[in-house]
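Each reported figure results from applying straightforward, stated rules to the coordinates on display, with no laboratory input. What you see is a predicted model; the values in this text were computed from it and never measured. Neighbour counts are summed over all protein chains in view; Cβ atoms, including those assigned to glycine, are modelled from backbone coordinates with ideal geometry.
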Amino acid sequence: MFSRRELLKSIGALTAGVGVAAVSRAALAGIPEVVSQHSPDTMAPLLPASGRPYNPVVTLNGWTLPWRMNNGVKEFHLVAEPVVREIAPGMKAHLWGYNGQSPGPTIEVVEGDRVRIFVTNKLPEHTSIHWHGQRLPNGMDGVAGLNQPAIPVGKTYVYEFIARRPGTFMYHPHADEMVQMAMGMMGFWVTHPKDAHPHIEEVDRDFVFLLNAYDIEPGAYTPKIMTMLDFNLWTFNSRAFPGIDPLVVRKNDKVRIRVGNLTMTNHPIHLHGHEFTVTGTDGGPTPPGSRWPEVTTDIAVGQMRQIEFIADEVGDWAFHCHKSHHTMNAMGHDVPTMIGVDHRGITKKIQTLVPDYMVMGERGMADMAEMTMPLPDNTLPMMTGDGPFGSVEMGGMFSVLKVREDQAPNDYSDPGWFKHPEGTVAREWTGDIAKPKRSKEHGGQLMPLEQPQAKELEVKVRKPQTHNGHK
Ligand SMILES: [Cu+2]
């Protein structure tokens, strides 16, 4: 068994910045001490100091929960509690989470580990934890009322099971679920294979994050909990761009990204510059014969996906949800399309009544990224993020895969912006536009240089003759 001092030493050495919270010794005697994290920075991977070795994951803007070994059992201690989460610099949210953060810490174990998790409830209402995707005894599945009584306020419950299959999992409450998930209660779980597995490859970098969404009115701090679909903050691990750390890798690294979706809609996650394959789902690793290359994979509600690729193209590659309103922050809603509408006269008139009045979106919305419009306190700009060439005009579920020739193995520090080799950046064309050469040698068919004017184009419109259904 690990002594307390050894445990603290190893935690201190591996995750600088993690503090041990003060807890009542009498109340929690014999239970692993509570380790909390109050920084939204990405913590270095937690190398296993006890138990079987593995290559640990990196939780984007998050951290991994240390454990102690107790007679061969891996013991963890989660505390469900209100937390303050910085969503991005300039905005904090009052959420519920675990051990100081939302999402909670990542739990990492090895296939075959016997795991014991103590859960202390410091929320103002009862809770429970469901271990999403795990094989376990029915009474450990965490559905309050069905598999166990809900954990009352102030009480500590214990869950115990063997991590039977390797893969990517999540944990979240199964008591007052809509409210507690809308408030940010969720976490990641990774079970590494105990031996070489035919469908699980070794990787150099292994990133994990949860997709989450909040409805926080501009200027407010607490999510609206009754929202069903109309969320306005779309986040990776409760962080919105530009608050999401980049995924930093070395050229030719084999990279795995594990994503779980605990929002109320699907997210097509898209990577630039590389093709990946989906190597795992909620149900475990996918057989290699079932995999195909993709650059976008849709992750439905409640699903998990593992994608893998060789990062063989240096650069700063966008990595984001492809629903464009999910790469925007609050305030992007209910704005009518004004493109092509000239407001010059009207604006002046309204400004005599409302001096700060501005019109948005007359030439598209790009102006908004650079606008120095006053925002309510604690509100993120809708589209923002300074890049090397100007505003990135993004928010929400957006980050950057930074592939560098000279990034040291296991170094996750931000290398800054990519320095493009001379002549490899799109630029304004100032020369003459050369007439394209067209000949039979270049592609067979001869295309005329001048397009003939479209003659009369006849469009036949056929009206439905026997349609009298709708009123
Ligand atoms: Cu999305």
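Taking the simple approach of a point 7 Å from Cα along Cα-to-Cβ for both residue 275 and residue 254, what is their distance in nm?
So the two model labels end up 1.8 nm from each other.
How much of the DSSP bridge set in the stretch 4-198 is antiparallel, in percent, rounded to the nearest 5? Show your work: numbers first, answer last.
Numbers: 30 of 44 bridges.
Of all bridge pairs located within the stretch 4-198, approximately 70 percent are antiparallel.
By how many nm would the segment from residue 352 to residue 55 grow when fully extended, if each residue of separation counts as 0.36 nm and the alpha-carbon distance is taken off?
100.5 nm
Can you give the local net charge around residue 86? Use residues other than it whose beta-carbon is closer than 13 angstrom to its beta-carbon, Lys and Arg +1, Asp and Glu -1.
Charge balance near residue 86 sits at +1.
How many angstrom lie between the C-alpha centres of the stretch 191-250 and the stretch 68-93?
That distance is 15 Å.
When a footprinting reagent is the concern and you count Cβ atoms within 10 Å, what order do 118, 418 take, fewest first?
If I rank by nearby Cβ atoms, fewest first, I get 418, 118.
So for 393, 108, 201, 294, fewest C-beta neighbours within 10 Å to most, what's the order?
201, 294, 393, 108
Tell me, 92, 419 in order of fewest to most beta-carbon neighbours within 10 Å?
If I rank by nearby Cβ atoms, fewest first, I get 419, 92.
Given 92/402; 254/402; 251/419; 92/419, which pairs have Cα atoms separated by over 21 Å?
From 92/402; 254/402; 251/419; 92/419, over 21 Å: 92/402; 92/419.
Can you list residues whose amide H is under 5 Å from residue 253's amide H, if they're 5+ apart or on another chain and H is modeled 1.01 Å from N?
Excluding prolines and chain starts, which carry no amide H, the hits are 311.
Expressed in nm to one decimal, what extension gain is obtained for the pair residue 427 and residue 39 from 0.36 nm per residue of sequence separation less their Cα-Cα distance?
Between residue 427 and residue 39, full extension yields an extra 135.7 nm.
Using a basic spin-label model with each label point 7 Å from the Cα along Cα→Cβ, how many nm lie between residue 414 and residue 114?
So the two model labels end up 4.5 nm from each other.
If a/c stays under 1.5 just call it rounded; otherwise compare a/b with b/c (prolate if a/b is bigger, oblate if not). Do that for the stretch 4-198, with a ≥ b ≥ c from the square roots of the Cα gyration tensor eigenvalues.
rounded
Give me the one-decimal nm value for the distance between modelled label points at residue 70 and residue 164, 7 Å along each residue's Cα-to-Cβ direction.
2.4
So, R0 is 35 Å and r is the distance between the beta-carbons of residue 405 and residue 322; what FRET efficiency does that work out to, to 0.05?
Once the sixth-power term is evaluated, E becomes 0.75.
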